[in-house]
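Contents: one structure, followed by commentary.
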C-alpha cells in the first residue's frame, strides 16, 4: 500500500507520479461527488456538485466564504445528509466504511477539543473508539511535536498547537485520504512550512489530500489541482500545471471565475 | 461496541467535570440533610415517615446528578465540538449513544451510592447527636443504597436522551433541575395520583422510604426503566437523523 517515497518534489514532475500510483491504488476515484445537493430550508448550500479525486494528489478546494466548501466536506464525512445526489469515499458512503479512521482522516474545525482534557487523553479517546493501539498515540504526539505538552490540558494550547493536535487525531488510523478544512488558519510561517512538507510527503506515498482554503498563495505552493466552487456550484476543476502552462496564475483564474459569477 | 464503551469511560475519567459534579452533589446532600435533621423540631422527626424528610435527599440528589452526568455526556460534546471527531471515528451513531448510555449509567451508579451513603451517614449521625432514635430498619439499609444506585443508573440515560434531543447544554441542565425540584413537587402536592408516576417520584419510590405517597419499589424501578428506555430511544433517533453542525 506504500509505494516508494520520492525524495524531491518539483511541480514539473507531477505528471510522472500518476503511472506509478496506478498499481498501488484501484482506479476507482478516492472521492466521488455526484450531483450533490444540500438545502437547509430555502437556502441552497450545495447545488448539483460533481467532481472526483484520484489517489496520490493534493487537491485544493477553493471558493469564497459561504461557497459550500465546509458543507461539502461534512456531506462527504457523513456528518450531514445530502438532500440529493451522493458523496462517496472509496466508493462507499462514509458511514458504511468498515473502519473509517483507517481509511479517512479529517479535521473540520481547529478547536474540537474538551478544554479540560489533555492532548494525550484526547488522542487516546479517539484511539480507543477506533481500536488503534495506544503506542500510535505516542507516535503521533512525536510527529506533531506535542510530546512536551501532551499532559497539559488543551485550554493551555496555542492555536497552532491545537491545529497540530487535530491533525494528529486525523492521522491516528494511518489513513489513505486526508481531508482538511482551512488548516492554514492560525499557523505561523514555520507551521505552514511544516504542514506543506507534510502534505507533499503524504501524497508522494500514493495517498490523497483534499484541503479547503481561501489563502490562494498558500494553495498555489501546495496543491496539484484545484476544485473551485461558488454558491454551491462547481466553477472549475483543473490541474495547477495546466494553469501555469497557460501562463496564468491561480489568483487570476480564481478572481476571474468568482467575479464572473458575482456579476 | 466495547471500543466505544472504553472510549466513553475514558472521556468520563479524563476531565475534572465528574469530580466537580460529585463534590457539588455531596455539598448539596450535606446541606439538605443537615438542615432537616438539625432544624426540624424533635416531635416532627420521631416516626419513620417523618425521617423520610431527612434521608430522601440522598437518592433524590443522586438521581439528579446522574441525570446531569448523562446530559453532559452528550451536550458537552456538542458544545465543545468533540462530537465531530467522535462521529468520524464511529459514524454508526447508534453505537456511540448506546456506549454513552452504559458509561454514564455506570458513573451514575457511583453517584447514587455516594449520595445515599452520605445522606444515611450524616443524617443518622445528626439525629443521634440530638438524641433522636434513627428509625431506619434492616430493609432500609438494603433498599436505600440499592434503590439509590438503581435510580441514579436509570436517570443517567434520561439526562442523556434529553440532552440529545435539546442539544443545548444549559437548557438541558436547567430543564432537569426544574423538573425534579419544581414541577414534580407541584405535581405531588396538587395531583398526587398522577405525580407519583412522574420519573423523579418513581426514582424515589425505588428506595421504599415513602410507601404511603409513592409507588411500590418494584413498580418504581420498572416505571423508571421505561422512562429511561423511551428517553434514550428518542435521543438515539434524534442523534441518527440530525446533521452535525
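The values are calculated or read from the model by the stated rules, or taken from the named source; none is laboratory data. Just so we're clear, the structure is a prediction, and the values are computed from it rather than from any experiment. Because the Cβ atoms are built from the backbone with ideal geometry, glycine has one as well, and the counts that use them run over all protein chains shown.
Observations
- Inter-residue pairs, beta-carbon under 6 Å, first within 9 Å of chain A (Cβ to nearest Cβ) and in the range B:234-245, second not in a helix (DSSP H, G or I), 6+ apart: B:243/A:80; B:244/A:79
- Restricting B:73, B:99, B:66 to residues that are within 22 Å of residue B:141 (Cβ to Cβ), in contact with a helix residue (DSSP H, G or I) (Cβ under 8 Å, 6 or more places away or on another chain) and at pLDDT 95 or above narrows the list to B:66.
- For residue B:123: the one exception among (1) buried (at least 24 other Cβ atoms within 10 Å of the Cβ); (2) more than 14 Å from chain A (Cβ to nearest Cβ); (3) under 18 Å from the mean Cα position of the chain (by Cα): (3)
- Any chance residue B:92 is without any contact (Cβ under 8 Å) to a residue 12 or more places away in the chain and over 25 Å from residue B:33 (Cβ atoms): yes
- Any hit, the range B:163-170, residues being more than 17 Å from the chain's Cα centre (by Cα) and outside any helix (DSSP H, G or I): yes
- Scanning the range A:134-151 for residues that are within 14 Å of another protein chain (Cβ to nearest Cβ) and either in a helix (DSSP H, G or I) or under 22 Å from the mean Cα position of the chain (by Cα) (or both) yields A:134, A:136, A:137, A:140.
- Annotation note: of B:173, B:160, B:180, B:166, the sole residue that is within 23 Å of residue B:222 (Cα to Cα) and surrounded by fewer than 24 Cβ atoms within 10 Å (Cβ to Cβ) is B:180.
- Qualifying residue in the range B:210-218 (condition: over 16 Å from residue B:55 (Cβ atoms) and in a loop (DSSP other than H, G, I, E, B)): yes
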